[in-house]
1. Report, by residue number, each residue of the stretch 103-120 that is under 23 Å from N88 (Cα atoms) and in contact with a Gly (Cβ under 6 Å, 6 or more places away or on another chain).
2. Before we move on, is T314 of a type in the set (V, I, T) and out of contact with any helix residue (DSSP H, G or I) (no Cβ under 7 Å at 6 or more places or on another chain)?
3. Out of Y318, Y207, Y221, I need the residue that is among the hydroxyl-bearing types (S, T, Y), over 26 Å from E182 (Cα atoms), surrounded by 15 or more Cβ atoms within 10 Å (Cβ to Cβ) and modelled with pLDDT under 95. Which one?
4. Would you mind stating whether S268 is of a type outside the set (A, V, I, L, M, F, W, C) and not in a helix (DSSP H, G or I)?
5. Mind checking which residues of the stretch 255-268 are touching a Ser or Thr at 6+ places or on another chain (Cβ under 9 Å) and under 16 Å from P188 (Cα atoms)?
6. Which one of R25, R50, R17 is modelled with pLDDT of 80 or more and of a type in the set (K, R)?
7. Here is a check on your reading of the model: is S310 crowded, with 22+ Cβ neighbours inside 10 Å and either part of a loop (DSSP other than H, G, I, E, B) or in contact (Cβ under 8 Å) with a residue 24 or more places away in the chain (or both)?
8. Which numbered condition trips up E84, out of (1) without any contact (Cβ under 8 Å) to a residue 24 or more places away in the chain; (2) closer than 30 Å to V228 by Cβ; (3) not hydrophobic (A, V, I, L, M, F, W, C)?
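The values are calculated or read from the model by the stated rules, or taken from the named source; none is laboratory data. Computed from a predicted structure; not experimentally measured. In this analysis, Cβ positions are derived from the backbone assuming ideal geometry, glycine residues included, and neighbour counts consider all displayed protein chains.
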Amino acid sequence: MDKHEEKAKERSNQEKRTEEKIKGRLLKAFKAVNSISGKSLTEADIKRQRAALERAGKLAAPTSDILARPFTLGDLHCQEFTPEFAHNPKYVVMYAHGGGYICGGLDYARILSAKLAIATGFTTYSFAYRLAPEHPYPEALDDAMSMWDYLTGAVTDADHILLAGDSAGGNLVLCLTQKLKEENRPLPKAILLFSPWTDMTGTAPSYDENCEVDPTLTKEYVIGAAKVYISSKGNPWDPRFSPLYGDFSSFPPTYIMAGRNEILLDDSIRLKEKIAEAGGNAVLDIEEDGWHVYQQLPIPLAKRAMKRLSSYVTSLIYDET
């Protein structure tokens, strides 16, 4: 092996070590956030959890190939991410971040906002919806509707918007779409989901089947977050909280990504089944080595996932024209 090959090998090994270090730090941060239960959500707990997610966002978010612009809609803080290599300015992505409806902000949302913009070539919009327990249902949904109304009123038509969300953000965009259907309003072009939280009842078998292999989520956290978000206003079986039990007739094409090693796996599997039963088009992408929203980490597994999402969007948008 010559000197150039040795240097290249050393650089590759260094990159791998750096990647594993970042992966470990991020998984630790996400695990710290999701290890709480709804019974321990003191003001200090919530402040600590939110700070941890924002730090994780700053560590993992891509910083190249995008232009970021903050803006506000009244009291709602938002960000616009424009890819430097834009494919089609007519289409945009509206993205809702996860965090169990109790954590997450614009720094955390930046991770997948930037990745979505790069993968699709479309300008991506994120927004810091209000969080429980200070702001339980329906305030997050109201904020999502405000973002939707802004995009459809000032940016593009509804059928040129792709709704995207991870975890609780997936729950939010599904609930938003079902609300638009109820109001007979135009629907988005498609929905892109990362490990969506579709069922707040906590009854899926994957909670128990994957409890030992899920590196980030616990059932206690998920159930606790649901109680905080729902508050005393409803039943977790209600489609307003668990869109899995809502109406999927005439639903937009939906691309669902999940990890085999997550307790919310059945939320994705059953969502795909419900859309198919209603005559809709849903694609389920299960990463055998993945976990809850593994796409957030700066690792090859995530890069491959975003390439698959890019291929799906490209086929959806351009193969029909």
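1. Residues satisfying the conditions are R110, I111.
2. When the stated conditions are applied, T314 passes them.
3. The unique qualifying residue is Y221.
4. Spelling it out, it is not the case that S268 is of a type outside the set (A, V, I, L, M, F, W, C) and not in a helix (DSSP H, G or I).
5. Within the stretch 255-268, I256 is the sole residue that qualifies.
6. Going through R25, R50, R17 in turn, just one is modelled with pLDDT of 80 or more and of a type in the set (K, R): R50.
7. The answer is no for S310.
8. Just one mismatch for E84, condition (2).
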